[in-house]
Amino acid sequence: MDDTTLRLRARVTILEQLTVRLFAILGTQHANEVRTVVTNLDQVVKSANESDLFGADLNAEDKNDLFNKTTNEWAWIRAQILDPMK
């Protein structure tokens, strides 16, 4: 794996963990607001393929692949945020 890919992977891992932990803290006192943010982001992710969220520089195949990966990753992160709030 090249250096850029490793750095990006490291950053994503840190951001994932930071996000989950921050939402865990917020969820204890602001559960309704956290659920609202997650619901709003659900809509952003669902409509990402029809929007410019991923930028305009991707071809259709790459955009579709990125959409599928984003959807899967969001499902994992979403579960990490909401499951502890049950």
Region 25-66: number of residues that are open to solvent by less than 50 Å² (accessible area, probe 1.4 Å), within 23 Å of residue 82 (Cα to Cα) and within 13 Å of the chain's Cα centre (by Cα)
4
Just need a number here: residues in region 9-24 that are of a type outside the set (Ser, Thr, Tyr), over 14 Å from residue 78 (Cα atoms) and surrounded by fewer than 11 Cβ atoms within 10 Å (Cβ to Cβ).
3
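The values are calculated or read from the model by the stated rules, or taken from the named source; none is laboratory data. Predicted, not measured: the structure shown is a model, and the values here were computed from it. Neighbour counts run over all protein chains shown; Cβ positions are idealised from the backbone, glycine included. Remember, those area values only see protein heavy atoms, side chains included, never the ligands or the DNA or RNA. Shrake-Rupley method; radii C 1.70, N 1.55, O 1.52, S 1.80 Å.
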